[in-house]
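Participant: There's a structure below that I have some questions on.
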Amino acid sequence: MNREGGEMHYIYILESEKNGRYYIGSTNNLERRLAEHNGGKTKSLKYIRPLKVVFKQEFATIGEVRSWEIRLKKLKSRKLLAEIIENQKLMGL
């Protein structure tokens, strides 16, 4: 819950422990979502499991999260994603 008592939303980056690929997503329950991904419920990730969270950032609104998710997915740059993960913060993208 955020300060106003509302639900928190997360942007996250997962990394495949099998081949090092990244996956970007958003959710309001990161533990549940990671369990779903590792349980094979996301077809595109089924064959690169197990996955681990390498970056997460909390936001108060779903709009903020979705906006960042779209921006990150458009990057298509492993180098920039690696920088975000290393610094543990979203840069001025």
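Participant: In vacuum, with every alpha carbon of the chain counted as one equal point scatterer, what does the Debye formula give for log10 I(q)/I(0) at q = 0.12, 0.18, 0.23, 0.25 Å⁻¹? Two decimals, please.
Facilitator: Here log10 of I(q) over I(0) equals -0.37, -0.82, -1.24, -1.37.
Participant: For residue 66 and residue 52, compute 0.36 nm times the residue count separating them, minus their Cα-Cα distance, and round to one decimal in nm.
Facilitator: Roughly 3.0 nm would be gained on extension.
Participant: Between residue 83 and residue 29, what is the label-to-label distance in nm when each label sits 7 Å out along the Cα-to-Cβ direction?
Facilitator: With each label placed 7 Å out from Cα toward Cβ, I get 3.6 nm.
No lab work stands behind these numbers, since they all come straight from the coordinates. Note that this is a predicted model, so its numbers are computed, not measured. Here the Cβ is made from the backbone with ideal geometry for all residues, glycine too, and neighbour counts use every protein chain on show.
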